[in-house]
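Each value in this text was obtained by applying a stated rule to the coordinates, not by laboratory testing. Please read all numbers here as calculations on a predicted model, not as lab measurements. So basically every Cβ, Gly included, is an ideal-geometry build from the backbone, and we count neighbours across all protein chains shown.
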Amino acid sequence: MRLLSIGPDGDYALACDGDTLMRVSGAGDQQWSMEIPRLIDAAVVGEQLWVVAQEGASVQRFDLRGNELAPITPPFALGAGRWMTSPLASAAAWNGARACALRGDGPAGVPEVEVIAPTTDGRWLLWRNGFAVLWRSVGEAWRRSFDDTGATLVSVSTLTDGRMIALCFRRRGSDDLRLAVLGSRDGDILASMRLTSVSRVCIAARRAVALIQIGQKLDVIDLRFGRALRQIYVDPAIDQLLVDDTLQYVATTRHGDPAVRVQPLADLEREAAEAAEAAQDDEEDPARERDRLERAEEEARVRRRQVRGDRGDRGAHGVAAEAPPPARNPRARTAPPHREPSPARTSGLG
């Protein structure tokens, strides 16, 4: 299952699962689905759904109700690859063994490079050998080097009303990602951050906000300043997660469950906070039980000491011990013992 897009006001989500394209309502009901044999990739371009299947000899198009439209014929068979799109452009670029820029009426005149992505109508971001180039119909507007000719461009996001462009790329020989925000007028780097141990990056383009998942936490980053706004706990059961361009709605799927759920981001945050609190309580329960047992054991030791002390105040076999004699005052004088006077002795004179 791959989530493609969230409709306005969270009314629906578009997704593809294997060879099946589908539209799911905000309540989770499937509104329509279609089988596309050997589907390679699909993307929402303006108010249309563009699909590449089989060898990519043509680009199939549908409206958002599933009605088929006239196809687009690319200049060559597209083959394996993926779409890059922009919410501000009615064009798209296919990136595979060869990159190709396409409008609704056919190919766009863009130099051959490694990666192409639309930014706004008539403007394209080109990537080749570690250089980012903004291309217009009259030619190159600016060029920015990232000092790594082997870096791989992962995604391109046009932010706010097109004033900024976020590039996510991986340097050669590294598993870490780097997210750079450029000014679209001159290509100046406005913010840059290194992303380590990241499992997911979602961009709310119109709000210039990134949701970066590390472990079970989503860091919400303001890309204009590279500043962290808050963290959102992510239920480990969530498999796919997509945020809309306005940072108001989110679509999710869960492991082992093909159902697509669309809800306000605020509801996901509330549910996540409750789940995190419950998980914390579960972690604290063993510690609380240990504390309770330790307190009970300490109370038992105190009682045993008290009992031993009580027994020390009693004589053997329960006979009360004699009280010790009172202390003597060394200054006190005792009266001499009373003696009877001796009888008077008389002489023998007559």
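Key figures for this structure:
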quantity: Amide H contacts of LEU4 (H built 1.01 Å from N, under 5 Å, at least 5 apart or other chain); calculated: LEU14, ALA15, CYS16
quantity: Peptides ranked, highest mean first, by Cβ atoms within 10 Å: ranges 19-28, 293-302; calculated: 19-28, 293-302
quantity: Sequence ranges 129-138, 109-118, ranked by mean other-Cβ count within 10 angstrom, highest first; calculated: 109-118, 129-138
quantity: Sites matching trypsin sites (Lys or Arg not before Pro) across region 166-261 that sit in DSSP coil, with at most 14 neighbouring C-beta atoms within 10 Å; calculated: ARG172, ARG185
quantity: Cut-off under 5 Å, modelled amide H: who pairs with GLY130 long-range; calculated: ALA151
quantity: Karplus-derived HN-Hα couplings along region 140-155 (A = 6.51, B = -1.76, C = 1.60, θ = phi - 60°), whole Hz, x at Gly and Pro; calculated: 6, 8, 7, 9, 10, 9, 10, 6, 8, 5, x, 5, 10, 7, 9, 8
quantity: Prolate/oblate/rounded label for region 73-130 (Cα gyration tensor, a/c 1.5); calculated: oblate
quantity: Region 120-212 shape via C-alpha gyration tensor axes, a/c threshold 1.5; calculated: oblate
